Structure formats: C-alpha cells, structure tokens
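Chemist: My questions will all concern the structure given below.
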Amino acid sequence: MRPELKPRNPNFSSGPCSKRPGYSLDQLHIETLGRSHRSALGKEVLAKACAQTAALLGLPEGYRVGIVPASDTGAVEMALWSMLGPRPVEVLYWESFGQGWMSDITKQLKLKDVSCRSADYGQLPDLSAINFNSDIVFTWNGTTSGVKLPNGDWIADDRKGLTICDATSAVFAMDMPWEKLDVVTFSWQKVLGGEGAHGMLILSPRAVERLETYVPTWPLPKIFRMTSGGKLNEGIFRGETINTPSMLCVADYLDALAWLESIGGLAAAIQRSENNLQVISEFVAKNNWVHFLAEDEVLRSNTSVCLTLDATPEQVKKMAKLLEAESVAFDIGAYRDAPAGLRIWCGATVEASDVAALMPWLVWAYKEVVGV
Ligand SMILES: Cc1ncc(COP(=O)(O)O)c(C=O)c1O
C-alpha cells in the first residue's frame, strides 16, 4: 500500500544535513555582510561563535575553540600536519574517513612509526591495550558505517601522546568525554545543519603545549599555521581567523546555536537524535528484511544510521531513487565506499515525526522494487 503521509521535510542527507526546524534565511543576522571580518563587529560575532560553542558543549576550562578553513577536513589536516611527528602514531579506523586519515599520515606526511587498528564496516577495532605513549588518531562516529565509539573509557587519563579525534558527525549529538580528547574537530554542516566551508578545531591544553614545543620538519601552508615565534596564535581562538571566513556561514551557524539553546541545549539535542534512532530501531525490529550495518547495539550511531537490506545493490539504489522521486527522502543511499544500503541521518535537526513518516515508505519502496 502506498502510504499517504510524507515526511514534511525529506532531507535525510548525512551532510550537509537538514536545516533546523523552522529555518528561514530571513531570520539570519546579516549586519556583518559586506563588512570587514576584522571590524569590531566582525570580530565580536566570530568570537561569539567560538564562545557559544564552548559554552553549549560544556568544554573544560583551558580548552580552546577556533574557526578554521575548509570544513572538518581542514580542521583535521591542520591538526595532523601541525602536531604529528614527535611520537609514534596509532590510527584507529573502521570506515572510509578514518582510513583517509591513515592514508594522509603514511602517504602524505610519510611518517614511518605508524600502526593501525582497523575493522570492517559495521564493526569497531579492538580498543584494548592501546599504547598511549603514541598519538592516537580516530573518528568518534564513522559516518559511512554508522558505527560510533560508545564511550571514552578506553582512553588513558595519564596518556603521554595526544588523542586527535574527528568528531564531525558526533559533536552536538553524542556525549563527548572532553578530558580524554586533546584535539576534536567538527563541521557546521553536520549535526547543527549549518554550512560547509569552515571547520571547528577544539584544543586541550596538552594540544597547545604540543604546538608550542614542536616544530614539524615539513613546511606548513599559511592556512594551517597556528603558532608564531613558538607561541600559540591565541587570536584564532577568539575569532581572529587566519584568513577571510564567510560571514554568511557564520550568521547561519549562530542561528543554529541559538536554536540549540532554545530547545534546551546539548542534552536536548542528543535526546532528539536518540529519539530519531529509536524510531528506526523499532522499525528494524518489526521488519526482517532490513538490518543495522552495526550489529552491536551499543555501537550504533544515533546520527548516521546505516541499514542493509535483503536486496541487491542495484535494487537498493533503485529504492533510493524511487524515494527521491516521490520527494519522500533525499540522499539516503549508502556512501560510495560503504556496503550497499540506506543511510538515514538522525541528528538533532531531523524531526522524529519525519523519520516515522519515512518508515512506511521504505516498506512501500522495498515492495515496489524487490516485490515481496
Ligand atoms: C567522519 C568524517 N570526517 C570528515 C568528513 C569531511 O567533512 P567536511 O566535508 O566537512 O570536511 C566527513 C564528512 O562526511 C566525515 O563524515
């Protein structure tokens, strides 16, 4: 049976993710547009974006938040290129983005003392007995496999190395153990439904110490440079960006933060995301032809929810196309490197009622394409 009700908002993409409920361009505060980002107003607004991020996330004293170029990728690369080298590196990866960081570290930076622990799509690598004298690089949530770290208990408090965490599809949707993390990156375009272009770089005091005591042997492009004369360029973490940011994207980010605050802050955002996952969990429990890619429930992402189907890859693609043609769900095909399936974004900006409205359409599309 063809369902009657459609999701009010069919945007279930895993990035850029759906705008917040009630989003409208004319609500943005755009008095900064056409002005210098180094004007008093520009700096004030950029500083506000950093400070509000720290406050809403509840970052520990001494942690810094900066806006950097090139979205999450820019923030991660900046950290890898500026900080790696003095210690062995261990990379933990379980899907394509984490694997990409491994490749950058070995093939671009050409570091020699690098080990890795990896796992197939749907699994997490063994996290026991990691040597925390090394710098550890990992993603918090594997956006393309729907597998997240359940907690940070495996990270040593007395570590000598740094923990460098790409948390772009986790920040504002999952509890992050900040004291265990020295570098955390994310992009506005994910959980908050903001824009690409800029990345957020969060540094612990130990990460700052690394920056102030270690100079890489390789050249660093200007847009990666966070120190000058052996001291941290603190301005970056007060809104004095290295180069010109998009003030329109900044206005959009501040709108997202204001929305987050209005719904009750971080805890409420996490709850919204968990509720969305719950809708899908109930659906999967009732339909034996659809499965979570992450078999272990505690590892299941509550943002990038990845499902496999009893269908061929071509059939799954056809289903995604059909759902798009019906304006029921946009961009829910699995990531190109991941096993065939559907990936439904369940971050805070997505409404549970829309996820619920989508579920009968999955049944319909499956019946249309697979015919059972
Ligand atoms: C885990 C992870 N890292 C990095 C990226 C790249 O993010 P961006 O395009 O914002 O640089 C993504 C994008 O989906 C991601 O999921």
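The values are calculated or read from the model by the stated rules, or taken from the named source; none is laboratory data. Computed from a predicted model, the values in this text were never measured in an experiment. Don't worry about glycine lacking a Cβ; one is built from the backbone with ideal geometry, like all the others, and counts go over all protein chains shown. Heads up: the accessible areas ignore ligands, DNA and RNA and are worked out on the full protein's heavy atoms, side chains in. Shrake-Rupley method; radii C 1.70, N 1.55, O 1.52, S 1.80 Å.
Chemist: Run the 1.4 Å probe and let me know the accessible area of LEU111, rounded to the nearest 10 Å².
Modeler: Roll a 1.4 Å probe over it and LEU111 shows about 30 Å².
Chemist: Quick one: if you take sqrt(5λ) for each eigenvalue of the C-alpha gyration tensor of the chain, what semi-axes come out, biggest first, whole angstrom?
Modeler: Working: eigenvalues 246, 133, 55 Å².
Those come to 35, 26, 17 Å.
Chemist: Can you list residues whose amide H is under 5 Å from SER115's amide H, if they're 5+ apart or on another chain and H is modeled 1.01 Å from N?
Modeler: The list, which skips near neighbours in sequence, is VAL89, GLU90, VAL91.
Chemist: Would you look at the GNM of the chain, springs on alpha carbons closer than 10 Å, and say which of ALA348, ALA285, ALA268 moves the most?
Modeler: Maximum fluctuation in the GNM of the chain, among the listed residues, is at ALA285.
Chemist: For the range 59-175, report the translational diffusion coefficient in µm²/s to the nearest whole number, using Stokes-Einstein at 25 °C, 0.890 mPa s, and a Kirkwood Rh over Cα pairs. Intermediate results must be reported in sequence, preceding the final value.
Modeler: Working: Rh = 14.7 Å.
Translational diffusion coefficient: 167 µm²/s.
Chemist: Now a separate question. What order do PHE138, PHE132 take when sorted by accessible area (1.4 Å probe), most exposed first?
Modeler: Details: PHE138 0, PHE132 25 Å².
In descending accessible area the options line up as PHE132, PHE138.
Chemist: Rounded to whole Hz and in sequence order, give me ³J(HN,Hα) for the range 83-99 from the Karplus expression 6.51 cos²θ - 1.76 cosθ + 1.60, θ = phi - 60°, writing x for Gly and Pro.
Modeler: 10, 6, x, x, 10, x, 10, 10, 10, 10, 9, 9, 6, 5, 5, x, 5
Chemist: Next question, about the same structure. Between beta-carbons, use under 15 Å as the cut-off and find the net charge around ASP153, counting Lys and Arg +1, Asp and Glu -1.
Modeler: So the surrounding residues net to -2.
Chemist: Specify the residue with the greatest mean-square fluctuation among SER204, SER169, SER353, computed from a Gaussian network of the chain linking alpha-carbon atoms under 10 Å apart.
Modeler: Ranking SER204, SER169, SER353 by mean-square fluctuation puts SER353 first.
Chemist: Also: Whole percent per 5 Å bin, from 0 to the bin with the longest distance: what is P(r) over all C-alpha pairs of the range 1-133?
Modeler: 2, 7, 11, 12, 15, 15, 13, 10, 8, 6, 2, 1, 0
Chemist: How long is the range 258-305 along each principal axis, judged by its Cα atoms, biggest number first, in Å?
Modeler: So the extents along the principal axes, rounded to whole Å, are 40, 18, 13.
Chemist: Spin-label point model (7 Å from Cα, Cβ direction): what's the LYS160 to ASP26 distance in nm?
Modeler: Each label point lies 7 Å from its Cα, and together they span 6.2 nm.
Chemist: Then there's this: Magnitude of the Cβ-charge dipole of the chain, K/R +1 and D/E -1, about the Cα centre, nearest 20 debye?
Modeler: Numbers: 35 positive and 43 negative charges, 158 e Å.
Using only the charged Cβ atoms, the result is roughly 760 debye.
Chemist: Read phi for every residue in the range 18-31 and hand back ³J(HN,Hα) as whole Hz from Karplus 6.51 cos²θ - 1.76 cosθ + 1.60, θ = phi - 60°, with x for Gly and Pro.
Modeler: So the Karplus estimates, Gly and Pro as x, are 3, 5, 4, x, x, 4, 8, 4, 6, 8, 6, 8, 10, 5 Hz.
Chemist: So how much accessible area does TRP140 have, in Å² to the nearest 10, using a 1.4 Å probe?
Modeler: Approximately 0 Å² for this residue.
Chemist: I'd like the Karplus ³J(HN,Hα) series for the range 192-209: coefficients 6.51, -1.76, 1.60, θ = phi - 60°, whole numbers in Hz, and an x wherever there's a Gly or Pro.
Modeler: Running phi through 6.51 cos²θ - 1.76 cosθ + 1.60 with θ = phi - 60° gives 8, x, x, 9, x, 5, 10, x, 10, 10, 10, 10, 7, x, 5, 5, 5, 4 Hz.
Chemist: While we're on this one: Report the Stokes-Einstein translational diffusion coefficient (µm² s⁻¹, integer) for the range 74-128, Rh taken as the Kirkwood radius over Cα pairs, at 20 °C with viscosity 1.002 mPa s. The partial results should precede the final answer.
Modeler: Details: Rh = 11.7 Å.
After rounding, the answer is 183 µm²/s.
Chemist: A follow-up question, please. To make sure I understand the rule: partners must be lysines, Cα under 30 Å from the Cα of LYS367, and not fewer than 8 residues away in the same chain. Which ones qualify?
Modeler: Filter leaves LYS6, LYS286, LYS317, LYS318, LYS321.
Chemist: Among ALA340, ALA51, LEU266, which residue has its Cα furthest toward the positive end of the charge dipole of the chain, with +1 on Lys/Arg Cβ and -1 on Asp/Glu Cβ?
Modeler: ALA51
Chemist: Suppose only helical runs count, i.e. DSSP H with n ≥ 4. What mean residue ellipticity at 222 nm does that imply for the chain under -39500 (n - 2.57) per run, divided by all residues and rounded to the nearest 500 deg cm²/dmol? Write down the numbers at each step before the final one.
Modeler: Numbers: 8 runs with 118 residues, N = 372.
The per-residue figure over the chain is -10500 deg cm²/dmol.
Chemist: If you don't mind, there's one more thing I want to ask. In percent, what relative contact order does the range 215-372 have, based on Cα pairs under 8 Å that are 6 or more apart in sequence? Write down the numbers at each step before the final one.
Modeler: Working: 148 pairs, mean separation 34.0, N = 158.
Dividing the mean separation by the residue count of the range 215-372 yields 22 percent.
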